[in-house]
Amino acid sequence: MKSSAKQLRREAEWPPEEGEVISFECSTGPETAILKQVRWGLVWRDFILVDGRVIPEHRISDCPQPRVWRKISEVTDHEREECEERLLSMARAGMDPRERDQSFWAELTQYLAYTYLRFKQAGSKVQDVER
Amino acid sequence: MIPSDEETEEQQAWRVLSEAGLVEIRLDEFAERIRDVKRIVTVRLRELLDLNGGTKERESAAYSLGTLKELELKVNAPTPVDPSEM
């Protein structure tokens, strides 16, 4: 009972605000840091920390369930094109996308997820119609 | 356990991406995941060309493919050496 009340409070106050300390999972284990900003990506929300790292919402401890993700159809052409331009700019500027939890890594991860869902779903719809 | 036909769109997206290894990409799997996504885009592009329709989607798929190819080259490039370590 106590835990569900805590969960309800957590959901009501979600997402945390700028300046709050958040806990999350990183490659070396659990960690805490100060939140700078919460920003929607193409699929999920990213939590940007004051040290510049970008943590996807699903890695934040106590993230309410079910997760809130965007529908692929909600992403505009303009938004997708801007994301593609940013990715190419970062690649051409010599940034390394393999630096985990950095902005290039975070943006590329979301772009791959979005592109996969977008074209897989579109392909499935065609197959459904053809059946 | 919720039956798959009662899955919400978000749950379905999570399952599809998890199965494809695209929710949490391990650093040593980035190149492979990009190839997987390129494959999906290529399949869709072929469908669109066969159907001879969806000009806007076709152009967008071709652009996505080009973007992915450039990013793949970047991911496959040798890791930059830190000059301070030389």
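Ranking A:W44, A:Q7, A:W69 by Cα position along the charge dipole of the stretch A:2-130, where only Lys, Arg, Asp and Glu carry charges on their C-beta atoms, puts A:Q7 farthest toward the positive end.
Per-residue 3J(HN,Hα) values for the stretch A:64-79, derived from phi via the Karplus relation 6.51 cos²θ - 1.76 cosθ + 1.60 with θ = phi - 60°, read x, 10, x, 5, 9, 10, 7, 7, 4, 5, 6, 7, 7, 4, 4, 5 Hz in sequence order (x marks Gly and Pro).
Using the Cβ-Cβ distance between A:Q65 and A:E31 with R0 set to 25 Å, the FRET efficiency works out to roughly 0.75. Restriction of the GluC sites (Glu not before Pro) in the stretch B:1-71 to DSSP coil positions whose beta-carbon has at most 15 other beta-carbons within 10 angstrom yields B:E7, B:E24. Entry note, the stretch B:26-75: relative contact order of 50 percent, from Cα contacts under 8 Å with a spacing of 6+ residues.
With R₀ fixed at 25 Å, the C-beta to C-beta distance from A:V50 to A:R100 puts the FRET efficiency at about 0.90.
Here the contact order of the stretch A:40-131, divided by its residue count and restricted to Cα pairs under 8 Å and six or more residues apart, works out to 32 percent. For the protein assembly as shown, the Cβ-based charge dipole about the Cα centre amounts to some 320 debye (Lys, Arg positive; Asp, Glu negative; other atoms uncharged).
Computed per residue of chain A from DSSP H runs no shorter than four, each worth -39500 (n - 2.57), the mean residue ellipticity at 222 nm is -14500 deg cm²/dmol.
Pairs exceeding 24 Å between alpha-carbon atoms, taken from A:K71/A:K120; A:K71/B:K56; A:K36/A:K120; A:K120/B:K69; A:K120/B:K56: A:K36/A:K120. Decide, for the stretch A:1-127, between rounded, prolate and oblate: order the square roots of the alpha carbon gyration tensor eigenvalues as a ≥ b ≥ c, take rounded if a/c falls under 1.5, and otherwise choose prolate if a/b is larger than b/c, else oblate. It is oblate, given that a/c is not under 1.5 and a/b is not larger than b/c.
Please work out whether the protein assembly as shown counts as rounded, prolate or oblate from its C-alpha gyration tensor, where a ≥ b ≥ c are the square roots of the eigenvalues and a/c under 1.5 means rounded, while otherwise a/b larger than b/c means prolate and anything else oblate? Oblate shape, in that a/c is at least 1.5 and b/c is the bigger or equal ratio. The slack between A:E13 and A:R92, meaning 0.36 nm per residue of separation minus the straight C-alpha distance, is 24.5 nm.
FYI, it's all coordinate maths here, none of it is from the lab. Computed from a predicted structure; not experimentally measured. Methodologically, a virtual Cβ is constructed for each residue, glycine included, from the backbone with ideal geometry; neighbour enumeration extends over all protein chains shown.
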